[in-house]
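Some notes on the structure that comes next.
The values are calculated or read from the model by the stated rules, or taken from the named source; none is laboratory data. Computed from a predicted model, the values in this text were never measured in an experiment. Neighbour counts are summed over all protein chains in view; Cβ atoms, including those assigned to glycine, are modelled from backbone coordinates with ideal geometry.
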2 protein chains.
Amino acid sequence: MKTLSVDLGDRSYPIHIGTDLLANKQLVTPHVSGSQVMIVSNDIVAPLYLEQARALFTDFKCHHVILPDGEKHKTLNDLNLIYDALLSRHFDRGCTLVALGGGVVGDMTGFAAASYQRGVNFIQIPTTLLSQVDSSVGGKTGVNHPLGKNMIGAFHQPSCVLADINTLNTLEDNQLSAGLAEVIKYGLIRLPEFISWLEQNMDKLLARDPQALSYAIEVSCQCKAEVVTADEKEGGVRALLNLGHTFGHAIESGAGYGNWLHGEAVAIGMLMAAELSMREGWLSSKDVQRVKDLIIAAKLPVELPDMMTYDVFMDLMRVDKKVRDGKINFVLYNALGDAKVTHDFKAEHLRQTIEQYQKKN
Amino acid sequence: MKTLSVDLGDRSYPIHIGTDLLANKQLVTPHVSGSQVMIVSNDIVAPLYLEQARALFTDFKCHHVILPDGEKHKTLNDLNLIYDALLSRHFDRGCTLVALGGGVVGDMTGFAAASYQRGVNFIQIPTTLLSQVDSSVGGKTGVNHPLGKNMIGAFHQPSCVLADINTLNTLEDNQLSAGLAEVIKYGLIRLPEFISWLEQNMDKLLARDPQALSYAIEVSCQCKAEVVTADEKEGGVRALLNLGHTFGHAIESGAGYGNWLHGEAVAIGMLMAAELSMREGWLSSKDVQRVKDLIIAAKLPVELPDMMTYDVFMDLMRVDKKVRDGKINFVLYNALGDAKVTHDFKAEHLRQTIEQYQKKN
């Protein structure tokens, strides 16, 4: 097991990464406050891991609530299922929520914890690669609105993250690939050597080699932890973690939540960011091809869904959280492994970039 | 005009109290961030004051959204009206929300500001006595759940509070009395001399004498500001501000939101807290009579609604935010003007207290 730390003063917390962690009570017990524990999971993950998770909390009054699976259920309305469960069981302000599942479960549980009785404790037990390397760390929580992704939410840090690599054995192939998109992201943002490692080890990752997965998760969490420590509320460097996300959120929203996985949309978004950077003269065409090859190697898409025309993109991106005073801020590249936030690019290059990745047939 | 300050480091903010403040742009302009302003009001207040409020923000892109009036609309569902307005107008993370109305509008606007894009700026323009002396100051925001009042929310401080006493001229008599309940509360918690002042000046307050109202609002806001400065997130002394609220929230919920005004429920709650304190030997029967007389003088109720039996109280109070590990914490009295939080009282005395204030006919 490897333990990393997110250093945020009295709100610091550990990230435990390893195998068989769901059998180790001692890792979570110190991070439970109060006597009441509510495990939040979904109808895909609960049959696989709820029993093991409940066994972690036998020293407490433990209940659970099961959400319907999927991004299309990441709504204010579905959030009410968590509040209903807490209130009908008389959960008080000293209770602990536990997120057992992927990014949707983590984001919703985190926002429920941020807002129940104006804020209670919570623990993340991510069971997908994407949530282990990204969404479970850093305290971004929230739900979607029909007009934009993650538009309703809060910054609320967990008290502990438990990433048990065993849970990746039951993950579907497309979910594994979606997680790899966020792993690739860390390389593209600020770890040039990790890009090379990924190019050499993508086959092992897809074959779920435990050592390769462990290393990729550790590097990713370390990078995320450093960035969050430096800039918890995204005033500066944290914004780089949104590489591919302005395009990606528009695709998720435009295609209808749940039709494209978050990681799939981010993958092509990172490629489009490379294309736009090339058109601005910051990357070579060889750099763009390298990004494209890595995304293809991870079995991620490099063509947009049909409905994502220029006009649809512009309309959806105008409500992105990276917009200030009407200007869209993109994360683009100085070089591969060196990202930057900017709104200083030619509108014509943006149009060409979008057209470049529309389906050709 | 009088200006008080809530001192919370870089989140400190002014409370301006006086007449004709809605005509004074300079008070709010420094507290607007970004270029977009969304005024949130309701269908009672908007016809009276929206035009004046909009004139404060002519230097900005100003829009508004009108909520249905009343505590029964303080729901997650109605909150969506604010998110819808913000997203359909492409409001970004740099925008400012303005609450123009009473406690419901303030709490909902504040929670929308806390959660829109994980947190944006907001300004409070309270137009009722209750919101001017209590809810607009201190950063408690939220909505109700069918199983409990203010169960979903956040701590999120405004950047400015503008309490224009002119707006009290259009307030209905029962709303004025409801506000006086919270004014009385400050005296009962920690200002014994203010209790005497209130006993001598209640007629002037009910007659809306501007000088008497100004003084009462200033004393109340000063007390609230001091308590919030000392304990922003209610770890200690701030809990005293909940005098009467554990009983009161149960009454509001039991009677159906909107059937009893918050201040009315708090008034009888403060009287019941006095009764329970007397039964524990901490107050004299003369003290209880003094509280009762003051509440009657403010034209507030001293008899419970029919449905509030002992069992109903107990069931509703078990989900109160003051409950920890199954113990109900009440704010009770060491003496009038000296409140304390305790769960150390006889269950039998609580039962007798509830029965004492049930209707006798």
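Of the candidates B:Val266, B:Val291, B:Val312, the single residue that is touching a residue at least 12 places away in the same chain (Cβ under 8 Å), assigned to a helix (DSSP H, G or I) and over 20 Å from the mean Cα position of the chain (by Cα) is B:Val312.
Just a yes or no: is a residue in the stretch A:115-122 assigned to a helix (DSSP H, G or I), modelled with pLDDT of 95 or more, buried (at least 24 other Cβ atoms within 10 Å of the Cβ) and polar (S, T, N, Q)? Yes; the residues of the stretch A:115-122 include at least one that is assigned to a helix (DSSP H, G or I), modelled with pLDDT of 95 or more, buried (at least 24 other Cβ atoms within 10 Å of the Cβ) and polar (S, T, N, Q). The set of residues in the stretch A:1-13 that are touching a residue at least 12 places away in the same chain (Cβ under 8 Å) and more than 15 Å from A:Val227 (Cα to Cα) comprises A:Met1, A:Lys2, A:Thr3, A:Arg11. Scan the stretch A:78-93 and tell me whether some residue there is out of contact with any strand residue (DSSP E or B) (no Cβ under 9 Å at 6 or more places or on another chain) and surrounded by fewer than 20 Cβ atoms within 10 Å (Cβ to Cβ). Checked the stretch A:78-93: at least one residue is out of contact with any strand residue (DSSP E or B) (no Cβ under 9 Å at 6 or more places or on another chain) and surrounded by fewer than 20 Cβ atoms within 10 Å (Cβ to Cβ). Based on this model, can you work out whether B:Asp134 counts as of a type in the set (Asp, Glu) and within 25 Å of B:Asp231 (Cα to Cα)? Answer is yes for this residue. Just so you know, in the stretch B:336-361 the residues that are of a type in the set (A, V, I, L, M, F, W, C) and surrounded by 14 or more Cβ atoms within 10 Å (Cβ to Cβ) include one that is farthest from the other protein chains (Cβ to nearest Cβ), and it is B:Leu336. Of all residues in the stretch B:233-255, those satisfying the criterion of being over 16 Å from B:Glu303 (Cβ atoms) and touching a Phe, Trp or Tyr at 6+ places or on another chain (Cβ under 7 Å) are B:Lys233, B:Thr246. Here A:Ala265 clears all of (1) surrounded by fewer than 24 Cβ atoms within 10 Å (Cβ to Cβ); (2) touching a Gly at 6+ places or on another chain (Cβ under 6 Å) except the condition numbered (1).
Give me the strands (runs of 3 or more DSSP E) completely within the stretch B:9-68, filtered to those with at least 2 residues that are more than 25 Å from the chain's Cα centre (by Cα) and not aromatic (Phe, Trp, Tyr), ordered by residue number.
B:61-67
I'd like to check something: does the stretch B:131-148 contain any residue that is touching a His at 6+ places or on another chain (Cβ under 6 Å), in contact (Cβ under 8 Å) with a residue 60 or more places away in the chain, crowded, with 22+ Cβ neighbours inside 10 Å and within 8 Å of chain A (Cβ to nearest Cβ)? Within the stretch B:131-148, not a single residue is touching a His at 6+ places or on another chain (Cβ under 6 Å), in contact (Cβ under 8 Å) with a residue 60 or more places away in the chain, crowded, with 22+ Cβ neighbours inside 10 Å and within 8 Å of chain A (Cβ to nearest Cβ).
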